[in-house]
Amino acid sequence: VAWLCYPLSATAVWLPWLFWATELVVTRPRGWGGPLLACIVGISLVSGHLETAAHMFLGMGCFGLCRCLEVSRGRIWRQPTVVLVAAMACVIGFGLGAIQQLPTFEYLQSSGRVLLRQAKLIEQTPSGRNVVPNFVGLAFPYLLGTSQPGSRMLSAVNFHEGATNGYASFTFLILLAP
């Protein structure tokens, strides 16, 4: 995983390790999987991009739940050790990551952009009023234009702050269809 000039790669590079540690916790909860998972959760949090780490943790949770259901043959209540070890590893990992995240959260309270939003100087279109364009933007992100040279913005919302930034592809919309 390499994406130069962006902080995403410094965090995303830990994704395979995160899944491997989760697999170790599920298959051998009394082994080194728990401490390894705690370390990797903590490292992911201090790697430079909290949003990417949050997405990785969502994926880790889904993967861990599916693997736990598979290993326990659908009887997850028979795996209390796995759930306990995974939960404790995440709590310890979040504690390790707090070294960087707590000062960041404190800084965000006084950042220029937050102050502008609190003063209502940055326009935000409520997402509830633009459901159809947002839904179309999920399937075809460049349909309503971008701020790139040679393109026109047909939407009042910044490309990177709208639903188009959550582009998941047309396959996503097909899966939503009945």
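The values are calculated or read from the model by the stated rules, or taken from the named source; none is laboratory data. Since this is a predicted model, take the numbers as computed values, not measurements. Reconstructed Cβ throughout: ideal geometry from the backbone, glycine too, with neighbour counts over all protein chains shown. SASA here: full protein model, heavy atoms, side chains in, ligands and nucleic acids out. Shrake-Rupley method; radii C 1.70, N 1.55, O 1.52, S 1.80 Å.
Counting the residues of region 48-79 that are in contact (Cβ under 8 Å) with a residue 40 or more places away in the chain and either β-branched (Val, Ile, Thr) or more than 20 Å from residue 26 (Cα to Cα) (or both) gives 6.
A residue that is of a type in the set (Ser, Thr, Tyr) and more than 16 Å from residue 10 (Cβ to Cβ) occurs nowhere in region 43-61. Count of region 50-77 residues, restricted to those that are more than 12 Å from the chain's Cα centre (by Cα) and of a type outside the set (A, V, I, L, M, F, W, C), is 7.
The selection criterion, being open to solvent by less than 70 Å² (accessible area, probe 1.4 Å) and either touching a residue at least 24 places away in the same chain (Cβ under 8 Å) or touching a Pro at 6+ places or on another chain (Cβ under 9 Å) (or both), does not hold for residue 24. Restricting 47, 72 to those that are closer than 18 Å to residue 100 by Cβ, of a type in the set (Gly, Ala, Ser) and open to solvent by less than 40 Å² (accessible area, probe 1.4 Å) reduces the list to 47.
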